[in-house]
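Read the structure below first, then the notes.
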Amino acid sequence: GHSWGASLALDYAARVRFGPNAPAGIILVDGGMIEMQAIPGATWESTRQRLTPPNMAGMPVDEFVERLHSWNSAWGPDDQDISIILSNFEISDEETIKPRLTLDRHMQILAAMWEFPTYQRFSQVRCPVLLIPAAPPQPIPTEALTFHKNKQAGIHHLTQLKPGLDVEWFENTIHDVPMQRPDRLAHSIQAFIHKHSS
């Protein structure tokens with residue numbers, strides 16, 4: 001699972017620990033590593049303000065693509081990456097975008113992320129776990145650095161809950177790991193499966 005999908009994978013592994021449907025292992029890609037309410041000083045209000053996405057409905061496609069390049073200057077998404085990202089939007093005849101995930105539903109997901117008991121769920125998991133956190137490009141901006149340190153602290157806590165936890169940092173990588181590092185990610189997944197296949 002990637003991002004919020006990692007929390008879903010973690011939740012499933014915690015709930016389905018025995019029987020034929022129990023996972024043989026889970027891989028959490030830059031998600032499921034932090035308990036938001038455990039971050040020092042964090043409140044729902046500050047979290048909501050920080051993570052509420054901009055309203056992009058009605059934005060011209062060309063303007064959105066320009067923003068994608070500026071937001072991801074350290075990565076430099078190519079035409080295929082842009083095409084994948086645009087699949088998250090409906091494109092009108094006037095060539096403006098409308099997110100398929102409405103803002104209301106996005107905020108419901110954000111609220112669920114805020115309430116998710118990451119550490120409790122993690123302590124219930126019986127199968128092997130691979131964490132693949134992304135470390136942002138250097139130099140790390142102040143706001144990103146704070147989040148990065150919180151991620152490091154969260155992972156440290158998880159290694160105490162589950163000794164022997166597999167952790168593989170992807171340095172100089174944005175949150176969208178599967179898009180920026182697809183080959184390396186696939187290799188890491190294969191290696192994890194091979195390690196625990198017995």
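The values are calculated or read from the model by the stated rules, or taken from the named source; none is laboratory data. Nothing here was measured: the structure is a model prediction, and the numbers come from that model. Positions of Cβ are backbone-derived with ideal geometry, glycine not excepted, and every protein chain shown enters the neighbour counts. The area values use the complete protein model at the heavy-atom level, side chains included, leaving out ligands, DNA and RNA. Shrake-Rupley method; radii C 1.70, N 1.55, O 1.52, S 1.80 Å.
Looking at the chain alone, DSSP beta bridges between its own residues are antiparallel in about 35 percent of cases.
Quick one: check the C-alpha center-to-center distance for the range 1-40 versus the range 79-131, whole angstrom. Going from one Cα centre to the other spans 15 Å. Taking θ as phi - 60° and the Karplus parameters 6.51, -1.76 and 1.60, the scalar couplings of the range 57-72 work out to 4, x, 6, x, 4, 4, 5, 5, 5, 4, 5, 4, 5, 6, 5, 10 Hz in sequence order, x denoting glycine and proline.
Summed over the residues of the range 62-158 and divided among them, the accessible surface reaches 60 Å² per residue at a probe radius of 1.4 Å. For q = 0.09, 0.16 Å⁻¹, what log10 I(q)/I(0) does the chain give under the Debye formula with an equal point scatterer on each alpha carbon and no solvent? For the chain at q = 0.09, 0.16 Å⁻¹, log10 I(q)/I(0) is -0.39, -1.19. Descending by average beta-carbon neighbour count within 10 Å, the peptides 186-195, 30-39, 14-23 line up as 30-39, 186-195, 14-23, the highest first. The packing ranking, built from the mean of other Cβ atoms within 10 Å per residue, places the peptides 123-133, 173-183 in the order 123-133, 173-183, highest first.
Computed in the context of the full set of protein chains, the accessible area of the chain at 1.4 Å probe radius has 52% of its extent on carbon or sulfur.
Amide H contacts of D166 (H built 1.01 Å from N, in plane; Pro and chain starts excluded): V129, L131 sit under 5 Å, all sequence-distant by 5 or more or on other chains.
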